[in-house]
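A.B. asks: Right, I'll just put the structure down here and ask away after.
The values are calculated or read from the model by the stated rules, or taken from the named source; none is laboratory data. What you see is a predicted model, and the numbers here were worked out from it, not measured in a lab. Positions of Cβ are backbone-derived with ideal geometry, glycine not excepted, and every protein chain shown enters the neighbour counts. Side chains are part of the model used for accessible areas, which takes the heavy atoms of the whole protein and leaves out ligands, DNA and RNA. Shrake-Rupley method; radii C 1.70, N 1.55, O 1.52, S 1.80 Å.
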Amino acid sequence: MVSPMSSLETDDAAFIRSLPKAELHMHIEGSLEPELLFAIAERNGISLPYADVEALRAAYSFADLQSFLDLYYQGADVLRTEDDFADLMAAYLERAHADGVRRVEMFFDPQTHTERGVGFDVFMPGFLRAMNEAANRTGISTALILCFLRHLSPESAWETFDQAEQGGYLDSIIGVGLDSGEVGNPPEQFADVFDRAAEAGLHRVAHAGEEGPPSYIWGALDALDVERIDHGVRAEEDPELIARLLIDKVPLTMCPLSNLALCVVDDLADHNLGRLLDQGLMVTINSDDPAYFGGYVGTNYEQTAEALELSRDELVQLARNSIRASFASDEEKDRWLAEIAELDELAENG
Ligand code: ADE
Ligand code: ZN
């Protein structure tokens, strides 16, 4: 049977987009494009310290994680109303769908909003409305992961968890995560609130080994009992840790363009994603903060494939890993894995 897929073989970008995939590491606030940021600021009567969209985009040049976070938190400040959060979510889900994403598990940072008086009852209805609309229109499967900001105190994390619970929003999230400035903020301090999340039946993930040392990855695994490590680039410095990640099949949600933009690597060709994949680790490719780092998930696959000379088999493996590492139902995973198998077979026979 001749399938429209067979023509994609000559076109890597189209092949990548046709691959059913999951995006497991994306901060919804990091998908706020300068155009939408300006539009929302204008309707909310907020004046920005940038003349226009180009001037803002020109400021997106970072020396490290903290220099990015400063701009990222400033950008999120324009988000004030339920519609702002719905528009942000709708725009990202449209882009993800265009990249062949079947499943997204998105981070959101409640404290970034509650600290400036914008509560759960504003952002959650906005997110959920846009997620429902996108699911009805495109079939995309979506889920939210509530992230605690690690530069704030464990008490603030507890307060955030309580607000989510009291607002009746625990049923609307699938897990908790840990993000923001890593170095100097080890995971162990958040063990109690992660325990509470586990008791409530929530999944657990944490950023670790992005800028921080391998000991922070051990801490995330042992003290927070996480099921995935977000980033994990620095795991390679510790062979025992690599063995642990292999034995326990712990997925790494890697973000190559983010690592390049934040100077975690000097060159995409130096990224260890290919080496870790070769060693059998459960590596996945994700966009992190696509509006700030020059690409959504499809572009991350493309540029990484080019820089590391990844084969089609490796791209298929990465897409499979993303589905397997997701917290979707077995029924959904089986469906998407079958779609990948079909595509893979067509590519081989084509
Ligand atoms: N928040 C948004 N993007 C992040 C990243 N790459 N690392 C830590 N916290 C973040
Ligand atoms: Zn991240």
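A.B. asks: Let's see if you can work this out: charge +1 on each Lys and Arg Cβ, -1 on each Asp and Glu Cβ, no other charges. What is the dipole magnitude of the range 61-110 about its Cα centre, in debye to the nearest 20?
C.D. replies: The dipole of the range 61-110 has a size of about 240 debye.
A.B. asks: Given charges of +1 on the Cβ of Lys and Arg and -1 on the Cβ of Asp and Glu, with all other atoms neutral, how large is the dipole of the range 180-338 about its Cα centre, in debye to the nearest 20?
C.D. replies: Once rounded to the nearest 20, the dipole reads 420 debye.
A.B. asks: Right, next: Could you state the accessible area per residue of the chain in Å², with a 1.4 Å probe and every protein chain left in place?
C.D. replies: 39
A.B. asks: Okay, moving on. Ratio of alpha-carbon Rg to the 2.2 N^0.38 Å globular estimate for the range 238-280, to two decimals, please.
C.D. replies: Here the answer is 1.25, to two decimals.
A.B. asks: Might you report the magnitude of the Cβ-based charge dipole of the chain about its Cα centre, with Lys and Arg at +1 and Asp and Glu at -1, to the nearest 20 debye?
C.D. replies: 500
A.B. asks: Here's another thing I want to ask about it. Can you give the accessible area of residue 207, probe radius 1.4 Å, in Å² rounded to 10?
C.D. replies: Rounded to the nearest 10, that gives 10 Å².
A.B. asks: Under 5 Å between amide hydrogens, which residues at least 5 positions from residue 204 or on another chain qualify, with H placed 1.01 Å from N in the peptide plane?
C.D. replies: 176, 227
A.B. asks: Using a 1.4 angstrom probe on the protein heavy atoms only, line up 227, 23, 42 by accessible area, largest first.
C.D. replies: 42, 227, 23
A.B. asks: How would the range 54-204 be classified by its alpha-carbon gyration tensor: rounded, prolate or oblate, with rounded meaning a/c under 1.5 and the a/b versus b/c comparison settling the rest?
C.D. replies: oblate
A.B. asks: So how compact is the range 214-314: Cα radius of gyration and Dmax in angstrom?
C.D. replies: 13.3, 37
A.B. asks: If you don't mind, another one. Only helical DSSP H runs with n ≥ 4 go in: add -39500 (n - 2.57) per run for the chain, normalise by residue count and round the 222 nm mean residue ellipticity to 500 deg cm²/dmol.
C.D. replies: That comes out to -15000 deg cm²/dmol.
A.B. asks: Right, next: Starting from the Kirkwood Rh over alpha-carbon pairs, what translational D in µm² s⁻¹ does the chain have by Stokes-Einstein at 4 °C and 1.567 mPa s?
C.D. replies: The calculation lands on 63 µm²/s.
A.B. asks: At 1.4 Å probe size, with the rest of the protein present, what percent of the exposed accessible area of the range 10-349 is carbon and sulfur atoms?
C.D. replies: Looking at the range 10-349 in its full context, I get 46 percent from C and S.
A.B. asks: Please work out, to two decimal places, the log10 of the ratio I(q)/I(0) at q = 0.11, 0.14, 0.21 Å⁻¹ from a Debye calculation in which every Cα of the range 1-121 carries one identical scatterer.
C.D. replies: Once normalised to I(0) and log-transformed, intensities are -0.48, -0.72, -1.25.
A.B. asks: Taking a 1.4 Å probe, which of 263, 255 shows the most accessible area, and what order do the others take after it?
C.D. replies: 263, 255
A.B. asks: For the range 72-114, state the semi-axes of the equivalent ellipsoid (square roots of 5 times the eigenvalues of the alpha-carbon gyration tensor), sorted largest first and rounded to whole angstrom.
C.D. replies: 22, 12, 9
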